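The values are calculated or read from the model by the stated rules, or taken from the named source; none is laboratory data. Treat the numbers as computed from the prediction; the structure is a model and nothing was measured. Glycine also receives a Cβ, built like all others from the backbone with ideal geometry; neighbour counts cover every protein chain displayed.
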């Protein structure tokens with residue numbers, strides 16, 4: 001489980017200032033274009049509103065002028081007065097009518113009547129186009145003015161509504177007023193309120209643009225960080241799966257602690273070695289659930305500690321361990337936990353002892369081979385002389401007995417020397433596929449006489465008659481003969497000898513030789529396969545040693561389970577045949 005600090009680091013992993021710069025560079029043109037478009041649209045809307053307002057005012061002014069003219073009050077006076085009254089509105093800066101030559105005919109300021117206005121404007125084109133136009137000017141008072149100007153024709157004929165001469169006469173319009181001279185009207189609006197509103201719109205637009213830019217950059221940055229977080233989270237998940245598999249499959253024990261000294265992880269090897277269960281110890285203080293000697297090792301750890309120690313485990317045994325303990329630190333050097341690794345040295349020490357024993361046996365074997373060759377020649381001479389004396393002194397029974405004993409002892413020594421030579425030589429196997437049922441039936445015939453004399457019942461327990469094994473039949477026959485003879489020697493008062501044969505799950509063969517004899521003393525069991533170790537008065541101590549070597553040469557295993565007074569079981573496991 002990741003801490004908040006670790007999650008924050010994962011969220012910011014791979015973060016760079018260039019991400020912000022890139023996001024700004026991407027969003028800035030978009031936001032700028034949108035802002036300019038908004039400002040331009042607001043500006044055009046303001047102009048359109050002002051134009052509509054000006055057009056409405058001009059149409060109203062034309063209508064008023066037309067009504068005044070038709071009332072017969074005199075066009076000049078009526079126009080000036082109406083113009084002054086119309087221009088009295090607070091947002092109108094000026095209102096004037098100019099002739100085609102630029103002379104002011106009427107003005108909202110009476111003192112400007114008769115002056116010239118609109119220098120640089122083409123009044124003929126303005127009048128001929130009939131389209132309202134606008135411009136921004138600054139008055140003589142320094143006031144910003146939005147001015148609208150265009151054709152002024154209060155008596156102009158309207159489309160689709162022709163006014164005939166008889167209708168003009170009926171309306172009592174004077175002929176001089178039926179055709180007004182060409183004029184241009186100017187309407188100037190004060191822009192203070194409009195400019196203030198426009199400035200507020202600009203500020204609002206600018207603020208919205210900045211907010212939009214920040215939101216866009218934040219969105220891009222958030223997307224990047226989210227994707228980066230998901231990628232980092234996925235990477236951490238893969239690393240966690242890898243580390244969990246690595247820890248669980250480690251061939252050595254592992255116990256991990258957090259910064260508070262509580263157990264956070266225990267692998268299967270540690271469970272097996274210490275005799276504990278992970279579910280029973282995770283979350284507890286290490287002093288409460290780990291052996292005291294391991295707890296002391298962890299408690300005194302400031303740096304890497306490596307040592308060998310004897311550790312008591314749950315079943316009461318004390319096992320030798322190679323222990324390594326260390327603190328876990330982050331990139332800032334802060335300790336966030338501890339880990340202890342340990343390996344059970346029992347098997348390693350047993351292998352070392354076995355290797356040392358094999359080395360000694362090899363030395364003994366080489367020595368025995370040399371001694372055997374030196375002994376056999378004198379034994380042949382002794383046997384020859386004993387045979388000679390036995391033939392020569394036929395009349396003396398005493399001499400015959402002595403000569404017979406000499407010959408028997410020489411034969412026994414020859415057998416010992418033969419076994420010694422066989423034990424010292426490397427075993428060469430002639431492997432072949434052997435049917436096991438006939439093999440054991442032949443082996444039983446060899447000891448049939450001895451078994452009947454000892455009152456021992458021999459039985460073969462083999463559920464599958466088709467079982468076979470890849471082995472050297474002569475060597476394995478020697479193994480069975482040795483085991484059978486040892487079993488018969490252990491049952492002087494009769495009993496049963498059972499050979500149980502079955503297939504193993506791995507495809508190999510399991511052979512059990514079970515007797516009901518006196519059993520083997522527990523103190524003797526570790527030594528029964530050692531050469532020259534024997535509990536018999538007449539034994540050489542090489543029989544079981546040779547059996548062990550033959551089984552090992554077949555890449556098999558041999559185990560002995562014996563209890564005094566309950567009998568002995570010798571189990572031989574042969575591996576499955578190798579595919580060619």
Check: So is residue 236 in the same structural domain as residue 27 (by TED's automatic domain parsing), under 20 Å from residue 336 (Cα atoms) and in contact with a helix residue (DSSP H, G or I) (Cβ under 8 Å, 6 or more places away or on another chain) or not?
Finding: yes
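May I ask you to verify whether residue 294 is under 28 Å from residue 349 (Cα atoms) and in a strand (DSSP E or B)?
Details: under 28 Å from residue 349 (Cα atoms): yes; in a strand (DSSP E or B): no.
Spelling it out, it is not the case that residue 294 is under 28 Å from residue 349 (Cα atoms) and in a strand (DSSP E or B).
Out of 223, 214, 290, report the one residue that is assigned by TED's automatic domain parsing to the domain that holds residue 92, at pLDDT 80 or above and either surrounded by fewer than 17 Cβ atoms within 10 Å (Cβ to Cβ) or in contact with a helix residue (DSSP H, G or I) (Cβ under 8 Å, 6 or more places away or on another chain) (or both). Break it down stepwise before answering.
On the way: 223 fails: at pLDDT 80 or above; 290 fails: assigned by TED's automatic domain parsing to the domain that holds residue 92.
Residue meeting the stated conditions: 214.
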Margin query: Take residue 457 and tell me if it is at negative phi and buried (at least 18 other Cβ atoms within 10 Å of the Cβ).
Written below: no
Next item on the list: Determine whether region 272-282 contains at least one residue that is under 16 Å from residue 341 (Cβ atoms), surrounded by 12 or more Cβ atoms within 10 Å (Cβ to Cβ) and either out of contact with any strand residue (DSSP E or B) (no Cβ under 9 Å at 6 or more places or on another chain) or touching a residue at least 40 places away in the same chain (Cβ under 8 Å) (or both).
Entry: yes
Next item on the list: Would you check if there is a residue in region 301-318 being in a helix (DSSP H, G or I), surrounded by 12 or more Cβ atoms within 10 Å (Cβ to Cβ) and not assigned by TED's automatic domain parsing to the domain that holds residue 242?
Entry: no
Next item on the list: Filter the strands (runs of 3 or more DSSP E) completely within region 441-532 down to those with at least 1 residues that are touching a residue at least 60 places away in the same chain (Cβ under 8 Å) and within 30 Å of residue 428 (Cα to Cα).
Entry: 468-471, 495-503, 509-515
Next item on the list: Those residues that are in contact with a helix residue (DSSP H, G or I) (Cβ under 6 Å, 6 or more places away or on another chain) and without any contact (Cβ under 8 Å) to a residue 60 or more places away in the chain, I need them from region 324-344; list them, please.
Entry: 325
Margin query: Checking the condition exposed (fewer than 14 other Cβ atoms within 10 Å of the Cβ), at negative phi and either assigned by TED's automatic domain parsing to the domain that holds residue 223 or at pLDDT 75 or above (or both), which residue from 2, 27, 34 passes?
Written below: 2
Notebook entry, point to check: Has region 422-437 got any residue that is part of a helix (DSSP H, G or I), within 30 Å of residue 501 (Cβ to Cβ) and either in contact with a strand residue (DSSP E or B) (Cβ under 8 Å, 6 or more places away or on another chain) or at pLDDT 90 or above (or both)?
Noted result: yes
